[in-house]
Amino acid sequence: MPSQASDPNNREHLSSSEIDVVVVGAGFSGLYLLHKLRGLGLRTRVFEGASDVGGTWYWNRYPGARCDVESMQYSYSFSEELQQEWQWSERFSAQPEILSYAEHVADRFDLRRDIQFDTLVTAAHFDEESRYWKIETNRGDRVSAPFLVMATGCLSSTRVPDFKGLENYTGKTYHTGNWPHEDVDFSGQRVGVIGTGSSAIQAIPVIAAQAAQLTVFQRTPNYSIPSRNGPMTPEYEQQWKSDYASLRAEARKSRNGVLTNPNEVSAMAVSEDERQRVYEDRWEVGGTYFMAAFNDLATNQQSNDTAAAFVRDKIRSIVADPEAAELLAAKDYPIGTKRICVDTDYFEAFNRDNVTLVDVREAPIEEITETGLVTGGRNFEFDAIVFATGFDAMTGALLAVDIQGRGGRTLTEKWRGGPRTYLGLMSEGFPNMFMITGPGSPSVLSNMMVSIQQHVDWVVDGIAYLRAGDLDSIEPTREAEDGWVGHVNEVAHQTLFPQANSWYMGANVPGKPRLFMPYIGGVGAYRDKCDEIAANGYDGFCLQEAKNRVVTAAE
Ligand code: NAP
């Protein structure tokens, strides 16, 4: 539980002169930021909307929620004691254990005393005169600080589609990304799940085992790989712990920040038999490693087709009803271009007598009624509806705050045509405002723990650099930002990713600009680029001294 010091009503300590950095969010980014900033001696205030730490792992408590990056890799590397002492119980840990880990980190580093919980930052305006950010919260706080770090997460703004009649429904409703803290018992109930993304794919088998009847409404089928999850073995744990330093270093240099044992061969360079053997091996190992079976699955349509066909055949071999199997087998976008899913008995769930699959692609959900919903002229009645309908990804949580930069320009206005950042870390016109894993960085295409730590280290080093040089502001130049936005786009279009209607493309939110938001150039290459820019005196950034002297990297 939050400590006394985090009482949101206790605001005495918040007078503006006392704060150097305001951090928004106390998930894994915010926690590490606070720890690092304290190390620099900077007075930091973290605002968090939830009642405790954990971010995504605080909110996403739906049945079956777990991470599909192995726990030995989905964990902090900044403290040797922490990574040696913490013990994970499973290969892929479930949400309660990951949340306990976040809570442990908060306790271990005594972080809660600088976090104000149950508080949403509603506005952040840059004051050009003082060069301070003026922050407002939904609890009436008014604070200002020279630096603002948005650690708001990429998948934290939940989305329920604008279904006609939604307000009329009298049964229980849930969203996977905002699940109640008390136990939800579906025993004996008729449950409808809308959506078949990663969250639904994890939740469906667990809900199916409990509910009397489960109806799944699918618009787009997803490719999913079995997780082969199991208890952590002491041998496997030791394999990592005895060599953590070099394994973590390798992950930082890798493509996705995860060690996936990549096979650096094209799928087209081997025989059909060999291809099948490789896919079978990866299918047996389980998890997202499947996508590293060959080196060109993300870029070569022919290669991708072979992987997609393999997974479709697996689905057909698991699902007994051929009609359901065909509906569940994705066919109209390349595998991996919508986030690959990882499951435990997802396709198997459709062999249960109490589970029904309903295709809502041809006949979309027409309306939600008092007792259920209507699609294709059919009426369905439910005791509970689960919206597994995803998030306004990557930009949603940032744009939910009224952010105004220089000249009163809002971030919403600036990003009307899509997010514009330099390195996914900053946006021109918004001095001293940093984003952790912002759009234009590898973020959601990577092991978030690796990307979070890289960004936090870069941001904190940047602030230290400013302080050491008696500089008081940093902001990307328009030119550098334009170049980066162009590069992010160009690299994305060298891949198959833009072909899918994915949340990476903003395609799940009506009216959202369609462009590929994360940076797909690779975690290692991206890190090198960020480091090089910093080493060159922050190339592409404009730095300002307190006396208004403009310093560019060329000086
Ligand atoms: P999601 O991938 O965006 O899935 C949302 C689902 O809702 C999709 O199947 C979507 O269909 C459907 N949907 C949306 N609007 C609809 C409508 N009007 N009618 C019918 N269906 C509709 O969201 P998510 O499953 O919450 O996952 C989001 C991301 O969170 C994942 O991609 C992953 O990055 C992360 N995540 C990770 C894990 C993990 O580590 N294991 C677990 C959960 C989530 P369409 O596809 O047709 O839009």
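The values are calculated or read from the model by the stated rules, or taken from the named source; none is laboratory data. Only a predicted model underlies this, so the values are computations on that prediction, with no experimental measurement involved. All Cβ positions, even for glycine, are placed from backbone atoms using ideal geometry, and neighbour counts span all protein chains on display. We work out accessible area using only protein heavy atoms, side chains counted, and drop any ligands, DNA or RNA first. Shrake-Rupley method; radii C 1.70, N 1.55, O 1.52, S 1.80 Å.
Go through the residues of region 449-461 one by one and say whether even a single one is in the same structural domain as Leu148 (by TED's automatic domain parsing), assigned to a loop (DSSP other than H, G, I, E, B) and at pLDDT 95 or above.
Looking only at region 449-461, we keep the residues that are in the same structural domain as Leu148 (by TED's automatic domain parsing), and these are 449-461.
Still in the list and also assigned to a loop (DSSP other than H, G, I, E, B): none.
No, region 449-461 contains no residue that is in the same structural domain as Leu148 (by TED's automatic domain parsing), assigned to a loop (DSSP other than H, G, I, E, B) and at pLDDT 95 or above.
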Spans of helices (runs of 4 or more DSSP H) in region 40-121 with at least 2 residues aliphatic (A, V, I, L, M): 95-108
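Could we say that Glu284 is among the charged types (D, E, K, R) and in contact (Cβ under 8 Å) with a residue 24 or more places away in the chain here?
yes
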Flag for Gly540 being in contact with a helix residue (DSSP H, G or I) (Cβ under 6 Å, 6 or more places away or on another chain), open to solvent by 10 Å² or more (accessible area, probe 1.4 Å) and in contact (Cβ under 8 Å) with a residue 24 or more places away in the chain: yes
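Considering only residues of region 224-245 that are of a type in the set (Gly, Ala, Ser) and within 20 Å of Trp88 (Cβ to Cβ), which is nearest to the ligand (Cβ to nearest atom)?
The first filter runs over region 224-245 and keeps only residues of a type in the set (Gly, Ala, Ser), leaving 224, 227, 230, 242, 245.
Checking which are within 20 Å of Trp88 (Cβ to Cβ) leaves us with 227, 230, 242, 245.
Numbers: Ser227: 8, Gly230: 16, Ser242: 26, Ala245: 26 Å.
Among them, the one singled out is Ser227.
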Strands (runs of 3 or more DSSP E) within region 124-205 that include 1 or more residues modelled with pLDDT of 95 or more and either open to solvent by 30 Å² or more (accessible area, probe 1.4 Å) or of a type in the set (Asp, Glu) (or both): 132-137, 142-145, 172-175, 190-194
Residue count, region 168-202 (criterion: farther than 23 Å from Ser93 by Cα and free of Cβ contacts under 8 Å to residues at least 60 places away in the same chain): 2
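Scan region 474-489 and tell me whether some residue there is aromatic (Phe, Trp, Tyr), under 25 Å from Leu34 (Cβ atoms), more than 16 Å from the ligand (Cβ to nearest atom) and crowded, with 18+ Cβ neighbours inside 10 Å.
No.
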Any hit, region 209-223, residues being within 16 Å of the ligand (Cβ to nearest atom), open to solvent by 20 Å² or more (accessible area, probe 1.4 Å), at pLDDT 95 or above and not basic (Lys, Arg): yes
Hey, Tyr422 among the hydroxyl-bearing types (Ser, Thr, Tyr), more than 19 Å from Asn508 (Cβ to Cβ), open to solvent by less than 60 Å² (accessible area, probe 1.4 Å) and within 16 Å of the ligand (Cβ to nearest atom) or not: no
Conditions (1) at pLDDT below 95; (2) open to solvent by less than 50 Å² (accessible area, probe 1.4 Å); number of the one not met by Tyr101: (1)
Ala388 vs. criteria among the hydrophobic types (A, V, I, L, M, F, W, C) and either open to solvent by less than 20 Å² (accessible area, probe 1.4 Å) or closer than 30 Å to Asn304 by Cβ (or both): yes
